[in-house]
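Bear in mind that the values in this text are calculations on the coordinates, not laboratory data. Please read all numbers here as calculations on a predicted model, not as lab measurements. FYI the Cβ positions are ideal-geometry reconstructions off the backbone, even for glycines, and counts take in every protein chain you see.
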């Protein structure tokens, strides 16, 4: 399968979930599913074709996990959600922020208040990863403006014992033993939200991604810059130079090349919108050594919007996809050389996931 | 045990097989919710928090009285009572 064959974009918005698929003329948009709920994140286990999980939240009706068995055409609300035990960490479940599927069937969930959970029974029951949730450095964690979440979960596809997660604010942590033990992984990363420039933990990190073909290659977008690790998070190198701003949420690796990545720069922590009202995607092909704007087809003025942390995704066929806070969904099928607007009036887009669905 | 009627708001009817009302046996509000959710966990999880409390923006009325101003989930029910689940009108 190549190009757009079987491609579907699973788009989580503030008012439900949409499925965008390329059609003979333009794109077909199906939805809203899970209507009225914020769909914060989705994941599609690679060893269960057609299965998609969604993390949803509603101001009145609470936070829930949904599952589709048919590529997103219908959804079931599951009975249980990951949560801290009574008495731990402000027990009220604010949100499920992130879902990740590991090889072999294990699911992980990151929640607000920050915590990591796993399920070995297709989300029927959830268990805390206590060594992280009760980590001795937890007292360095604190809520960020977007909440107090564990929002990025990376699993080494070749060795599911190796995990990395990110907490806002708290920093990146890594485990080599399937979550039995954890160490902070922030060496070399400035923490401008703290008085100590290079603390062990407590960093405000917005997004962490791992390259699927080289799991030692990690990228992180922070509150104040972009960093790369070549050694599985043991150390980090700043790669912000060449970007028009040091703030941002969205970053994604190109599955075809561990040195290629995409980022959407934003102005600063005060404005939290793309720089100068120009919606630009930056690409690096040398692991952040240099950056180029890849913005043919994107608005070059008066675009005062943002691209949230889960709202940029890539696929192995050269696809790059993102959604904006203004409800615009953009797609490039050629590595960001040019862009088309798939939809312009969706609700605020919270997450975009590219999947392949057999028809 | 008393048989009472529970009114289901429109956003929750997909989790109650489309029903706008359900009859359940219950002597208290808590029993009514537990019986309501016994075979409908997705419905109950939208009314109660994971800790088992009424969600902050969900109100339960017995007749015209909000159970938060009565005895909460221990509020007694009489045969034929109508218990309404109503999302709070909050925000703009």
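At 0.36 nm per residue, minus the direct Cα-Cα distance, what do residue A:269 and residue A:292 gain on full extension? Give it in nm, one decimal, please. Could the numbers behind the result be given before it?
On the way: separation 23, 0.36 × 23 = 8.28 nm, distance 2.26 nm.
Going from the current span to full extension adds 6.0 nm.
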Residue among A:219, A:66, A:198 with the largest mean-square fluctuation in a Gaussian network model of chain A, springs linking Cα atoms under 10 Å: A:198
What whole-number distance in Å separates the alpha-carbon centres of the range A:86-161 and the range B:17-50? 29
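Can you give the Kirkwood hydrodynamic radius for the range A:155-214, in Å, rounded to one decimal and based on Cα pairs? The partial results should precede the final answer.
On the way: mean 1/r = 0.0824 Å⁻¹.
Answer for the range A:155-214: a Kirkwood hydrodynamic radius of 12.1 Å.
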Size of the range A:33-93 along its principal axes in angstrom, Cα-based, largest extent first? 38, 27, 18
Rg over Rh of the range A:94-175, using C-alpha atoms and the Kirkwood radius, what does it come to? 0.95
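Which values, in whole Å and largest first, are the semi-axes of the equivalent ellipsoid of chain B obtained as the square root of 5 times each eigenvalue of the Cα gyration tensor?
They are 18, 16, 13 Å, listed from largest to smallest.
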So for the range A:210-359, Kirkwood radius off the Cα pairs, Stokes-Einstein at 37 °C and 0.692 mPa s: how many µm² s⁻¹? 215
May I ask for log10 I(q)/I(0) of the range B:25-67 at q = 0.17, 0.19, 0.24, 0.27 Å⁻¹, from a Debye sum over the Cα atoms as equal point scatterers with solvent left out? -0.45, -0.57, -0.89, -1.07
Residue mean of other protein chain beta carbons inside 10 Å, A:60-73: 3
Which residue, A:79, A:44, A:123, has the most motion in a Gaussian network model of chain A that connects Cα atoms within less than 10 Å? A:79
Partner chain Cβ atoms within 10 Å, averaged over the residues of B:50-57 - can you pull that number for me? 5
If each of residue A:341 and residue A:231 carries a label point 7 Å out from its Cα toward its Cβ, how far apart are those two points in nm? 4.7
With a Förster distance of 30 angstrom and the Cβ-Cβ distance between residue A:139 and residue B:38, calculated FRET efficiency to the nearest 0.05 equals 0.15
Take the alpha-carbon positions of chain A, form their convex hull, and give its projected area averaged over all directions (one quarter of the hull surface) in nm². 16.1
Among DSSP beta bridges lying fully in chain B, give the percent that are antiparallel, nearest 5. 80
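Of the beta bridges DSSP finds with both residues in the protein assembly as shown, what % are antiparallel, to the nearest 5?
95
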At 222 nm, what helix-only mean residue ellipticity would chain A give, in deg cm²/dmol to the nearest 500, using -39500 (n - 2.57) for each DSSP H run of four or more? 0 deg cm²/dmol
Among A:224-235, A:131-142, how do they line up from the highest to the lowest mean number of other beta-carbon atoms within 10 Å? A:224-235, A:131-142
Which whole-number percent gives the relative contact order of the range A:2-62, counting Cα pairs below 8 Å spaced six or more residues apart? 25
Would you mind calculating the relative contact order of the range A:264-339 from Cα pairs under 8 angstrom and at least 6 residues apart, reporting the percent as a whole number? 24
Relative contact order as a percentage, chain A, C-alpha pairs under 8 Å and 6+ apart, gives 13
Hey, in the GNM for chain A with a 10 angstrom Cα cutoff, which one of A:80, A:324, A:314 fluctuates hardest? A:80
At q = 0.13 Å⁻¹, what is the log10 ratio I(q)/I(0) for the range A:116-224, with the Debye formula run over Cα points and no solvent? -0.46
